[in-house]
Amino acid sequence: MLNAAKPTLLPLFIEFGQSFIEFGQSFIKFGQSFIEFGQSFIEFGQSFIEFGQSFIEFGQSFIEFGQSFIEFGQLFIEFGQPPRIHGK
């Protein structure tokens, strides 16, 4: 009796297996899309990092420029003060 039912079940098993294979392939494609999307975000993020580093370097240049002005201003202040008399 089991042997009589076997030929009718085989196509059903094959069809069921093919459905699982197609379902698995869909998951693989979906996963690959997520990987590509993630890589795009990484590339986008690296651009922001490079952009941020440029701003940091630009800011450091301004700090150095400002420090030069402070030193230059201090020299003017020292130059403009009356001479000191030693002993008084």
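The values are calculated or read from the model by the stated rules, or taken from the named source; none is laboratory data. Worth saying up front: this structure is predicted, and the values here are computed from it rather than measured. Cβ: placed from backbone, ideal geometry, glycine included. Neighbour counts: every protein chain shown. Heads up: the accessible areas ignore ligands, DNA and RNA and are worked out on the full protein's heavy atoms, side chains in. Shrake-Rupley method; radii C 1.70, N 1.55, O 1.52, S 1.80 Å.
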With a Förster radius of 41 Å, plug the Cβ-Cβ distance of Gln67 and Glu36 into 1/(1 + (r/R0)^6) and report the FRET value to the nearest 0.05.
-> 0.30
Could you check how much of the accessible area of the range 7-75 is carbon and sulfur, as a whole percent, using a 1.4 Å probe?
-> 71
The chain: C-alpha gyration tensor shape, a/c 1.5 cut-off, then a/b vs b/c = prolate
For the chain, what is the accessible area per residue in Å² when the probe is 1.4 Å?
-> 102
Please give the helix 2-80 orientation as an angle from the longest Cα principal axis of the chain, in degrees from 0 to 90, rounded to the nearest 10.
-> 0
